[in-house]
Amino acid sequence: MAVVPASLSGQDVGSFAYLTIKDRIPQILTKVIDTLHRHKSEFFEKHGEEGVEAEKKAISLLSKLRNELQTDKPIIPLVEKFVDTDIWNQYLEYQQSLLNESDGKSRWFYSPWLFVECYMYRRIHEAVIQSPPIDYFDVFKESKEQNFYESQESVIALCTHLQQLIKTIEDLNENQLKDEFFKLLQISLWGNKCDLSLSGGESSSEKTDVLNSLEDLKPFILLNDMEHLWSLLSNCKKTREKASVTRVYIVLDNSGFELVTDLILANFLLSSELATEVHFYGKTIPWFVSDTTIHDFNWLIEQVKHGNHKWMSKCGADWEEYVEMGKWVYHDHIFWTLPHEYCAMPQVAPDLYAELQKAHLILFKGDLNYRKLTGDRKWEFSVPFHQALNGFHPAPLCTIRTLKAEIQVGLKPGQGEQLMASEPCWWTSGKYGIFQYDGPL
């Protein structure tokens, strides 16, 4: 393997990683503690005094975690037995083996940012599962649901657009179909702006009309590989035998409005016959505030189905049917909530890697996926994406993200430096987006 650059970390004072560990993560922990407080009476109603004691225990564990972080204490092993505990603790040992620290302990500001941020969310989960009988509680559920409710008008507009499109889809020529595909890809891209972990858990719903903003947003797409996606999928459609399948996998990011945009795209893939199956990958535990779990996926389809608008409820009913028929398949796997970069997947989760190899195309949504794809390292802007993937090539893949972390590869020489000179926050503000493809051309 070629030499890879150093990991992004909180050591670089003033960097986005530093500010995340110093400010955003403690803010998220405070919000989680507040959420547990506000549910005290619900825990009492359901579980009596035992529920109240459990709430106190979870809050105490989370307060301890916040203190460890803010005082840059050593990162400690997980203690509660869970399906991934041993893998996490082995990874912690591995991180410690890389250190030059005199005490050989990983610390919050000196360890890789990707590792400590994932570790923080895993410790939140540990605090909850150490506190039965409230060990089922999703501390981020309310904010995810609020994001969906606050985006209702945009959801209705998208569902209406999709249903009108499906009515005429058979009359569209190839160029018209391609234009519609590109439109829905862009909607899925800008839907990725709705990230609650970036806003410290504050509201980040979609209240603008994304459909009518697409033309204005085009100049902010820094890398646009949509043509590759079209050529790959339209070629699959043309050469497909009657009984054969075209599988598109979507590795999901946020629930709420972004998930709606992903499901709209997935619906179009089936209706246009660009795919015959869409597989979705979500998280096994609550993660990065707004990431999609199986509960969020099912809940959202149910909400759309019972929406008070005919095209919205038609979408929900269709989506439910796709799931029942096996045309849409939801999967989760513990690997997605481990701290490893994706190039480690063949060793750490060979079963998942083998699954991904069955895809004709994999769409990776959002920033965390991009960070894990590229190892969250200090790559030069112009390093080819294929190189930054560091050997991770299960199938043709494309990352669809709005930029909210200090990492971006595959730009033209000088492009990143030029942006840096004119807009120092260009790669963390969510203003710019990319469609970045790796696979046969």
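The values are calculated or read from the model by the stated rules, or taken from the named source; none is laboratory data. Bear in mind that the values here come from a model prediction, so they are computed numbers and not experimental data. Methodologically, a virtual Cβ is constructed for each residue, glycine included, from the backbone with ideal geometry; neighbour enumeration extends over all protein chains shown. Protein only, heavy atoms only, side chains kept; ligands, DNA and RNA dropped before computing areas. Shrake-Rupley method; radii C 1.70, N 1.55, O 1.52, S 1.80 Å.
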Open item on the list: Where the second residue is open to solvent by 20 Å² or more (accessible area, probe 1.4 Å) and the first is polar (S, T, N, Q) and lies in segment 415-441, which pairs have Cβ atoms under 7 Å and are six or more apart or on separate chains?
Closed with: Gln415/Phe381; Thr428/Phe16; Thr428/Glu406; Gln436/Leu223; Gln436/Asp225; Gln436/Gly410
Task: Only listed residue being free of Cβ contacts under 8 Å to residues at least 60 places away in the same chain, in contact with a Pro (Cβ under 9 Å, 6 or more places away or on another chain) and open to solvent by 100 Å² or more (accessible area, probe 1.4 Å), chosen from Gln90, Gln95, Gln70 - done: Gln70
Task: Residue list for segment 386-401, restricted to those being open to solvent by less than 10 Å² (accessible area, probe 1.4 Å) and out of contact with any helix residue (DSSP H, G or I) (no Cβ under 7 Å at 6 or more places or on another chain) - done: Ala388, Leu397
Task: Residues located in segment 115-147, provided they are within 17 Å of Asn254 (Cβ to Cβ) and of a type in the set (Asp, Glu) - done: Glu117, Asp138, Glu142, Glu145
- [ ] Can you work out which of the residues in segment 404-441 that are exposed (fewer than 12 other Cβ atoms within 10 Å of the Cβ) and aliphatic (A, V, I, L, M) is modelled with the highest pLDDT?
- [x] Ala421
Open item on the list: Condition first: farther than 26 Å from His228 by Cα and of a type in the set (D, E, K, R). Now tell me which residues in segment 410-437 satisfy that.
Closed with: Glu417, Glu423
Task: Those residues of segment 208-256 which are in contact with a helix residue (DSSP H, G or I) (Cβ under 8 Å, 6 or more places away or on another chain) and part of a loop (DSSP other than H, G, I, E, B), in sequence order - done: Thr208, Asp209, Thr246, Leu252, Asp253, Ser255, Gly256
- [ ] Answer yes if at least one residue in segment 396-414 is part of a loop (DSSP other than H, G, I, E, B), more than 21 Å from the chain's Cα centre (by Cα), within 24 Å of Phe16 (Cα to Cα) and polar (S, T, N, Q), and no otherwise.
- [x] no
Open item on the list: Just the residues that are buried (at least 21 other Cβ atoms within 10 Å of the Cβ) and of a type in the set (Val, Ile, Thr), please, taken from segment 283-326.
Closed with: Ile285, Val289, Thr292, Thr293, Ile301, Val304
Open item on the list: Tell me yes or no: at least one residue of segment 164-185 is open to solvent by less than 60 Å² (accessible area, probe 1.4 Å), at pLDDT 95 or above and touching a strand residue (DSSP E or B) at 6+ places or on another chain (Cβ under 8 Å).
Closed with: yes
TODO: Select from segment 209-247 the residues that are among the acidic types (Asp, Glu) and within 19 Å of Asn175 (Cα to Cα) and write down the one among them that is most open to solvent (accessible area, probe 1.4 Å).
DONE: Glu215
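Okay, residues lined up against (1) in a helix (DSSP H, G or I); (2) touching a Phe, Trp or Tyr at 6+ places or on another chain (Cβ under 8 Å):
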site: Ala275; (1), (2): no, no
site: His279; (1), (2): no, yes
site: His295; (1), (2): yes, no
site: Trp299; (1), (2): yes, no
site: Gln303; (1), (2): yes, yes
site: Glu324; (1), (2): yes, no
site: Gln347; (1), (2): yes, no
site: Ile362; (1), (2): no, yes
Open item on the list: Taking the criterion of being assigned to a loop (DSSP other than H, G, I, E, B) and not charged (D, E, K, R), would at least one residue in segment 47-68 satisfy it?
Closed with: yes
- [ ] Confirm whether Asp34 is charged (D, E, K, R) and closer than 25 Å to Tyr342 by Cα.
- [x] no
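Within segment 299-311, does at least one residue satisfy the condition of being touching a strand residue (DSSP E or B) at 6+ places or on another chain (Cβ under 8 Å) and assigned by the TED database to the domain that holds Gln164?
no
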